[in-house]
Each structure stands twice: as structure tokens, then as C-alpha cells.
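Worksheet for the structure shown next.
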Amino acid sequence: MIELLTLGGASLRRDGVELTNLSGHKQKLALISHTAVEGPVSRDTLLGLFWPEKPEDKARGSLSQALYALRKETGEECVAAVGDQIELSDQVSVDVKDFTAAVQSERWEEAVELYRGPFLDRFHLPEVHGFEDWKSRTSTWVSNLARKAFSRVVGARSAAGDTKGALDVAWRWDKFDRTSDEGQHALIALLAMSGDRSRALDVYDAYSERVMRELEVEPLPQTIAMIEAIRTGALPQSPLLDDAPVVPTVQKALEIREPVTPVPGAATEISGPVDIEEILRDELAPRLEIVSKIGSSSTSDVYLAREPGLRRQVAVKIFSPKLANDRRARLRFDREVQAVASLAHPNITTLHWAGSLSVGLPYFVMQYVNGPSLAEKVRVEGRLDNEDARLLLSQLASALASAHRRGIVHRDIQPANILCDEESGRCLLTDFGIATLLSTWAEQTIRITESGELIGDPLWMSPEQVKGEDATERTDIYGLGLLGYQLLAEESPYVWNTRQELYAAHVNQPPRKLSDLRPDVDRDMERLLERCLAKEPRKRPSASRVQRKLISRDDNGPDDEPEPDGWFQRLVWRRVPHWLGAYLVAGFGLLEVVPDPIKLHTWISYFFGTALVGVLSWYHGRRGAQKLERREIWLLAAIFVGWLIAIGATLLL
């Protein structure tokens, strides 16, 4: 009988005796291991995996020699070639296939007995990069199945009152994987439950030092909390993590090996229950190790993960499977990816990369911020003092200014969407799920949900959002003003009892004096926040202006004056007469020297050019260069089409 052993190492045996000729030849052993797991496989697949640099004729020669050597050692019938396909016969026993079959059939005790260590442990072909990548992915896949089997057996034995038996399995688990969060948690808990608290603490100390040294992370919060309880004399109730995944079937883990990328914004069909955490573990490995779920919202779930290659923790945000067929929600998630990917600022969470799972759900990997949200911070610590509030608001204003320069409006400024980094003291803006991309031609701004309700929390909406109007950069400034009241007074600037009264307050009610709610507030801060809460967007300051005002209190730059009310005054304030006057004078001078044959065309261009300068100076005369607004784009397009029609008409006459 031929045995291929891949768990805990790599060897090939006949009747219990190792075939040293093959076991010492790594490439042939690697080839038969790959064929055993993936078979049947095509010759082209094996050529691309093991001999990608060789010319095709030489690569095929190398494959033929390797297959000949395998047949010579194992027997002609063990390695079969049917046309272009290569596979092992049933006469070859493969331990990893027996193990996965036991897991798939939920024979957990048998699976634990069959598992002898990581897949192809300490077996390497560093010069064959394709094989190394495949081995790494398969090893993680097998390790996840082993973790599942050990967890099931430990839980079952413990639930049956067999603490000693569960502890034996936990020690075996520890032997094979000493950095497993679940395994170490179970071992420590069972030691304490069996009365050996001293050893439980020793195991925890060793585990804590190991993960800090190898992964540069701390143990899970659940494990730390359990240790604190053990030190006070309490006993764990269960050896399993509170949120340890219990998977009803393993078929999904066995079938899904590589992610696919669906069309962005397309609906995703998901039938039946799907264990997203398990799929994440399988498909993001080996680059990421999913640790635990740390948050969720109506549209997404967030997981903490480790990135061993870069020795850092990251957050993985995945679209909720409950909304898989909700195209509007999917578009909002895709928009968040687009928005965050285009931003690079110390006060905005960084996006590392994005993708889609094989079940069609999009996800993205972003910076993990170790700290609470601003909502949690204020709830625990209370209102901030003047200087802390000033610093935090200036950081957010800087982040918004950066986003606005790239044509992105957040539209949902509130404490829950701001994270506080405990190490650096910085606040970071996150959750761009309903952001508006100002520079787009298409109508992508989704104002209402399918149920007809306005998107967002009514507490943090601007007057224009309540009225269903387009959001602009000044929408975020209104949110910044609301945030200032929350940080300094822990109250809304408005008095209301019902949601409808709150909507009306945003649109019509003047904000309460901040000094009435908090007498010691800085007066310049109070005046600035009042301006941020102006009902008309044009009367609110820009984000960069807010930042300058917060940093330099006596800064009275030219942008400090709010836009006036009358149309003529607004034209002057936006400097339209300045630009139009310069253009008209320069244009008349040019018309004097233009030859007669093209003078008509020049006059037409001069006329439409006047309209062009008028539009550009209205939007940019005072503010300078910035992203085009949607209305401005349509006006410019209309001017261009009118010019084409006029020029075309003159050519036909």
C-alpha cells in the first residue's frame, strides 16, 4: 500500500517503509502532493506551476521525467495519465484527503486523530514560487479545518463534563498551533476549570509573550478578560471563545478556494445561510488571519485581522449578506471604497486594498484604529474642554478640506463615524458610505432609501439634506457645527420633541447660544460654530477656513466674510465683474486685429466665451480652482453645444 503523508511534513511510504528516493527529491514529492490534493490536474497547470521559466518543450520533458520516476517507485497503476489529465489512483492513501473527508462528514474526533500537524510542514521549494504560494494557501485552508475540528471536540467533551478529555485535546491542539487564539484560550480555560490556575496563568504569560514577539499583537480581549477573572478566583464557564464560529457545514470551506470579482454595483445572488467569517478566513488567507468580529452596521460587518507579513493589525469591512440583492446599498458600499481609496490624510482611515469574495460580497481592508469612537469617548468621559475640542475639530476640518479638494463630501459627520486613536491621540474620520462624488457626471447621489426615508441620522442632517437638495462641501461644515455642540455641551443646538420637529428645526430654527449651554466656552469658538450652522450653505465657511480659524484665533482672512444676500452683491463678492471686465477688454482688443474672413466666427466665440467666463468666475472667481459642481458641468456643456451649433450654422450659410 502506498501512503502519501503531508500533515506535519512530507513523505511517501510503501507498506510503512519510506521511499527515500522520492522523499529526498523535493520537486517530485511536491508534484505528487499537488496532484493528490488538486487532482486531476492538466499538464499545462503543472508546467506553469513547477517550470514556468522553461521553454514549453523542455518543461514537458521535465514533467515526463518526473512522472516516469513516480511510476517507477510507486507502480505504474498509482499515477494515471488520461489524455491531458494527471491524477493519483485510489491505491494511494493520502492523509490530508482522509482528514478533510472526516471534517466534511463532521466526524470531529476522527479528524483530530488524523491531524498530525500543518500541511507540508517544513517542506519548501523556495525557487518554485507558484508551488510555494499554493502550499501556503492550502496550509491555511487545512489549518482552518483543524481549528474547527479541535474546537468542536473540545467543546463537545467539555459540555459532556469530560474536562480531562477536553484538556488532552487542547494540549494536542497546542502542540500543533501555539499561536492559535482559540486553541490557547481553550487550553487556559480548561487548565483553570480543572483546578490548575497557576499553570493556566503560566500558559497565558507564555502565549502573550509569543504572539507579541512573533506577531506584534496582544492576546484577544476575551482572553485578557478571562485571565483577569481567573486571577480574582472566578472559573471560566466554557473553554470556547464567546464569538467562536460554529459552522453548520464545512462544504463551503472545502469548495471555496479563490475569490472572484463580480461587476461593481451588480446584485449578488446568495441562496441559503452563509458563514461569512469562515469564508473570510479561507479566502483572505494566508495574507490575513481573521481574529474576531468587532463591529457591524445595517450595511456591513467589520472584522479585526492580523497581517503577519507586515506585522500589523487591520480592519476588514465586508458588505452585509442580508443586503446582497439590494443594488442601492451595494452602490453606497462601492462608493465608500472609491472615496476612501482616493484620500490620503492623517485624520482619515487608510484603505489598504479591496476585493470581492467568491460569493460576490465586496470587502475592503483598512487601517485598524485602536481606540473607541468619539461617541463612546464622550459618553464615558463627558464633554471636552475648550482646547481639546478645538484640537479635535481642527483635525476633522483638515480631513474634510482634503476630501473637499478631491471632490468628496462625507455627508454623515457624527461622533459614531469618528475614531479616536489611543496611541497617537489623533481622531480619524471613517465611514464614507453615503459620500457624494462631486466630480461625477452621472446622477449617483442616492437621497432616499427604498422605503422613502432620508438617508442618515436626523440628528446630524443639514437643512439641504432634509429638503432633499444636493449636498455640497458646506453640508459637512454644518455637521462640524453640530459636532462642536456635542463635544462642548453634550446637547443639540435645537429644542425638539419629535422627528418632524427636528427636521423643521434644522431648516428654520436658529441654534441656541452655546454660551447659554456652557458659559465657559471660548467666544471665538461660539461665533465660528454659529457660522457653521448657517441655514444657507453659501453662508458657512469652508473647511480650510474653519481649520485656520481654529488654529489661529485672530485669523481674519478674506474668506472670513460670509456671502451677502442680494444678487448684485453676490456677483461682486464672487468677483464676477472683475473677471468679465478683464475678458471683455482683452476680447475687444483681439477683435480689432482679426482678419475679416474669420471675424464672424470670432464674434460668435467671443459671445459664448463671455458666458463661459461668467460661469467660471461665479463658481471659482473667489474660491479659486476646485472640483466642478454638477450644475456647473451642465452649464458649461450647454455653452459648448450652443457654440458648436452657432459655428455649424455659419458654415452652412
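The values are calculated or read from the model by the stated rules, or taken from the named source; none is laboratory data. Worth saying up front: this structure is predicted, and the values here are computed from it rather than measured. Virtual Cβ from ideal backbone geometry, glycine too; neighbours counted across all protein chains shown.
Odds and ends about this structure:
- Any hit, segment 5-19, residues being within 16 Å of Gln65 (Cβ to Cβ) and either hydroxyl-bearing (Ser, Thr, Tyr) or in a strand (DSSP E or B) (or both): no
- Only listed residue being in contact (Cβ under 8 Å) with a residue 40 or more places away in the chain, crowded, with 23+ Cβ neighbours inside 10 Å and within 29 Å of Leu310 (Cα to Cα), chosen from Leu220, Leu120, Leu190: Leu120
- Candidate set: segment 76-98, residues that are part of a loop (DSSP other than H, G, I, E, B) and of a type in the set (S, T, N, Q); chosen: the one farthest from Leu31 (Cα to Cα): Gln91
- Look at segment 94-116: where a residue is closer than 26 Å to Val79 by Cβ and at pLDDT below 95 and a partner is assigned to a helix (DSSP H, G or I) and of a type in the set (S, T, N, Q), sitting 6+ places away or on another chain with Cβ atoms under 8 Å, you get Gln104/Gln251.
- Among the residues of segment 21-35, those that are touching a residue at least 12 places away in the same chain (Cβ under 8 Å) and surrounded by fewer than 19 Cβ atoms within 10 Å (Cβ to Cβ) comprise Asn21, Ser23, His25, Lys26, Gln27.
- Applying a threshold of 9 Å to beta carbon distances and a minimum spacing of six or more residues, or different chains, the list of pairs starting in segment 510-524 at a residue that is more than 14 Å from Glu490 (Cβ to Cβ) and ending at one that is buried (at least 17 other Cβ atoms within 10 Å of the Cβ) and polar (S, T, N, Q) reads Pro511/Ser492.
- Subset of segment 512-544 [outside any helix (DSSP H, G or I) and surrounded by 15 or more Cβ atoms within 10 Å (Cβ to Cβ)]: Arg512, Arg518, Val521, Asp522, Leu533, Ala534, Lys535, Arg540, Pro541, Ser542
- Applying the condition of being assigned to a loop (DSSP other than H, G, I, E, B) and β-branched (Val, Ile, Thr) to segment 352-404 and asking which residue is farthest from Leu280 (Cα to Cα) yields Val369.
- Cross-chain or 6+ apart pairs with Cβ under 6 Å, segment 597-617 first and within 25 Å of Arg630 (Cα to Cα), then assigned to a helix (DSSP H, G or I) and among the hydroxyl-bearing types (Ser, Thr, Tyr): Val613/Tyr583
- Filter result for Ser451 (more than 25 Å from Arg379 (Cβ to Cβ), modelled with pLDDT under 85 and surrounded by fewer than 18 Cβ atoms within 10 Å (Cβ to Cβ)): yes
- Filtered by the rule that a residue be in contact with a strand residue (DSSP E or B) (Cβ under 6 Å, 6 or more places away or on another chain), surrounded by 17 or more Cβ atoms within 10 Å (Cβ to Cβ) and among the polar types (S, T, N, Q), segment 38-96 gives a lone residue, Thr74.
- Residue match in segment 60-78 (condition: closer than 21 Å to Gly130 by Cβ and of a type in the set (Lys, Arg)): yes
- Condition check for Lys54 on (1) part of a helix (DSSP H, G or I); (2) under 20 Å from His25 (Cα atoms): one failure, at (1).
- Among residues of segment 545-598 being modelled with pLDDT of 80 or more, over 25 Å from Val615 (Cα atoms) and in contact with a helix residue (DSSP H, G or I) (Cβ under 8 Å, 6 or more places away or on another chain), the one that is surrounded by the most Cβ atoms within 10 Å (Cβ to Cβ) is Val546.
- Any chance Glu73 is assigned to a loop (DSSP other than H, G, I, E, B), among the charged types (D, E, K, R) and either at negative phi or outside the structural domain of Ile86 (by TED's automatic domain parsing) (or both): no
- Test result for Val340, within 26 Å of Ser398 (Cβ to Cβ) and at pLDDT below 85: yes
- Within segment 319-343, residues that are within 19 Å of Leu429 (Cα to Cα) have Cβ atoms under 8 Å from residues that are modelled with pLDDT of 80 or more and acidic (Asp, Glu) in these pairs: Glu336/Asp431, counting only partners at least 6 apart in sequence or on another chain.
- Boolean, Arg178 is assigned to a loop (DSSP other than H, G, I, E, B) and over 21 Å from Ile279 (Cα atoms): yes
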